[in-house]
1. Would you tally the residues in the range 166-198 being touching a Phe, Trp or Tyr at 6+ places or on another chain (Cβ under 8 Å), within 17 Å of Ala2 (Cα to Cα) and either modelled with pLDDT under 90 or charged (D, E, K, R) (or both)?
2. Just checking, how many residues over the range 1-44 are in a loop (DSSP other than H, G, I, E, B), open to solvent by 40 Å² or more (accessible area, probe 1.4 Å), touching a residue at least 40 places away in the same chain (Cβ under 8 Å) and more than 21 Å from Lys180 (Cβ to Cβ)?
3. Can you tell me which residue is nearest to Met63 (Cα to Cα) among those in the range 141-162 that are part of a loop (DSSP other than H, G, I, E, B) and open to solvent by 50 Å² or more (accessible area, probe 1.4 Å)?
4. Can you say whether Val62 is open to solvent by less than 40 Å² (accessible area, probe 1.4 Å), outside any helix (DSSP H, G or I) and under 21 Å from Ser18 (Cα atoms), as far as the supplied structure shows?
5. For the range 107-133, name all the residues that are open to solvent by 40 Å² or more (accessible area, probe 1.4 Å), closer than 23 Å to Cys66 by Cβ and in contact with a helix residue (DSSP H, G or I) (Cβ under 7 Å, 6 or more places away or on another chain).
Amino acid sequence: PAMAYWTMLSYWCYLRPSECMRLRRKDLVPPVAGVSRHWSLVIAPSEAGILTTKVGEQDDSVMWDCPDVQWFSEMLREMRGNGNAERVWNFDYSDLVHVWRNACRALRLTTYVPYQLRHGGPSHDRLPPTRSLEAIQKRGRWKQLRSVARYEKAGRVAQEAMKLSLHLRRYGKRVLQQLKEILSGRLPPPELPHESLR
């Protein structure tokens with residue numbers, strides 16, 4: 001499930017692929033009484049000498065405060081383990097892209113790339129509005145508010161959704177409803193309805 005975890009973090013925390021790939025176990029920070037009741041991720045920690053983010057910052061953080069998926073805290077605890085400086089992931093980006101392309105091919109989503117997760121999360125949080133544009137800007141660590149203005153365009157998001165078949169949208173909804181059980185190994189992923197994706 002490691003690549004599924006990577007996808008979850010990239011999507012819900014608006015991470016760039018390189019930021020997610022560099023995460024170490026100690027960069028997953030559990031809640032601390034009196035400080036934060038949520039898990040958080042430290043991006044480009046200065047003490048590790050990790051390269052700065054795209055906009056030249058270090059020690060950025062993103063909180064795991066997503067109401068729909070608070071259950072993922074269980075997986076964050078599993079990924080953190082003993083909190084050492086080892087990388088979280090046991091695969092590299094080329095491995096991820098290979099699996100991603102195969103999954104997209106199976107779902108007939110041939111034009112999608114992992115970087116789009118960084119933009120999908122904000123779109124989800126804006127429609128319906130879970131976060132303000134200012135909150136999305138801060139979470140995504142964009143310098144300018146105009147960089148997130150695209151997420152106000154509900155019609156464009158709906159237009160993209162309409163490119164998917166009704167059967168594929170229903171399949172996606174079913175996976176989302178069962179995601180906790182699937183990722184925890186209590187349920188297998190639902191069978192892909194190949195014949196109905198045309």
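The values are calculated or read from the model by the stated rules, or taken from the named source; none is laboratory data. Note that the structure is predicted; figures quoted are calculated from it, not measured. Reconstructed Cβ throughout: ideal geometry from the backbone, glycine too, with neighbour counts over all protein chains shown. For accessibility, only protein heavy atoms count, side chains too; no ligands or nucleic acids. Shrake-Rupley method; radii C 1.70, N 1.55, O 1.52, S 1.80 Å.
1. 1
2. 1
3. Filtering the range 141-162 down to residues part of a loop (DSSP other than H, G, I, E, B) leaves 141-144, 153, 162.
Next cut, open to solvent by 50 Å² or more (accessible area, probe 1.4 Å) only: 143-144, 153, 162.
Details: Lys143: 18, Gln144: 20, Lys153: 25, Met162: 31 Å.
Taking the candidates together, the pick is Lys143.
4. On the way: open to solvent by less than 40 Å² (accessible area, probe 1.4 Å): yes; outside any helix (DSSP H, G or I): yes; under 21 Å from Ser18 (Cα atoms): yes.
In short, yes.
5. Across the range 107-133, the qualifying residues are Tyr112, Tyr115, Arg126, Leu127.
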